[in-house]
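Structure first, commentary second.
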Amino acid sequence: MHLHGVPFEVVATDGHAVPEAAILTKDTISVAPGERYDVEFTATETGQWMLHCHIAPPDE
């Protein structure tokens, strides 16, 4: 998962809060099937924010 234009903090994983001392600022995070992440960010500019995956699907 990648959020364009702004870093985010992962504040929970799979429904469990991340301890404040362990919170990291990121701009990309790998999310496996079944995993959940809660992220927080501050939108510093007006507009729309693109959130997408950088892993291309396999060729069919």
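The table for this structure:
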quantity	calculated
Members of region 30-42 found to be of a type in the set (A, V, I, L, M) and loosely packed, with under 11 Cβ neighbours inside 10 Å, listed by number	32
Selection from region 31-60 of residues that are of a type in the set (S, T, N, Q) and either touching a residue at least 12 places away in the same chain (Cβ under 8 Å) or part of a strand (DSSP E or B) (or both)	42, 44
Qualifying residue in region 9-29 (condition: modelled with pLDDT under 90, hydrophobic (A, V, I, L, M, F, W, C) and surrounded by 13 or more Cβ atoms within 10 Å (Cβ to Cβ))	no
Single residue of 2, 54 found to be surrounded by 11 or more Cβ atoms within 10 Å (Cβ to Cβ) and at pLDDT below 90	2
Search result, residues across region 10-30 that are among the acidic types (Asp, Glu), in a loop (DSSP other than H, G, I, E, B) and free of Cβ contacts under 8 Å to residues at least 24 places away in the same chain	14
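The values are calculated or read from the model by the stated rules, or taken from the named source; none is laboratory data. Every value quoted in this text rests on a predicted model; they were computed, and no experiment measured them. Every residue, glycine as well, gets a Cβ built from its backbone with ideal geometry; the counts of neighbours run over all protein chains shown.
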